[in-house]
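The values are calculated or read from the model by the stated rules, or taken from the named source; none is laboratory data. If you're wondering where the values come from, they're calculated on a predicted model, not measured in any experiment. FYI the Cβ positions are ideal-geometry reconstructions off the backbone, even for glycines, and counts take in every protein chain you see.
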């Protein structure tokens with residue numbers, strides 16, 4: 001009987017937390033996100049350390065354009081009007097410049113270990129830096145990872161970073177830490 005009582009108590013213990021209200025009345029609130037609007041994103045996120053991934057994987061997976069494409073798509077999802085530009089310098093308005101600092105992506109899919117992408121970015125307003133971030137995402141392929149290729153797993157990391165960066169754009173900070181950082 002004692003065991004059943006403990007199990008019932010353990011099952012009900014999280015109930016007050018699950019039933020608590022997160023209404024907008026009272027309590028501290030997160031800062032309101034910045035208004036979405038037009039933003040330019042530099043067309044390519046260069047890989048700063050080309051030796052961090054094999055050249056054949058780099059050519060096949062194309063993370064430098066893939067990351068920018070995910071950032072643009074996710075930023076549109078949260079209300080930004082996104083345009084792609086060749087360079088941040090000389091572009092008026094808000095401009096996001098992202099660089100991939102390192103990639104761990106040996107060929108061989110999940111069998112060669114997890115894949116990881118690290119990046120950094122700067123947000124400019126009319127040429128002046130107004131925000132910056134560092135981001136990292138890692139994936140081992142998840143469910144059925146053994147059946148996924150390197151590019152597919154790497155793409156998961158890049159897509160997640162795109163979501164992280166788009167969310168950061170709503171309330172940019174200096175030296176923000178995104179993803180797993």
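Miscellaneous remarks
- Residue among 90, 141 that is in a loop (DSSP other than H, G, I, E, B), over 16 Å from the mean Cα position of the chain (by Cα), surrounded by 14 or more Cβ atoms within 10 Å (Cβ to Cβ) and modelled with pLDDT under 95: 141
- For segment 36-45, the criterion of being modelled with pLDDT of 50 or more, farther than 27 Å from residue 155 by Cβ and assigned to a loop (DSSP other than H, G, I, E, B) is met by at least one residue.
- The set of residues from segment 73-87 being in contact (Cβ under 8 Å) with a residue 60 or more places away in the chain and in a helix (DSSP H, G or I) comprises 73, 74, 75, 77.
- Here residue 111 fulfils each of the conditions (1) at pLDDT 85 or above; (2) in a helix (DSSP H, G or I) apart from (1).
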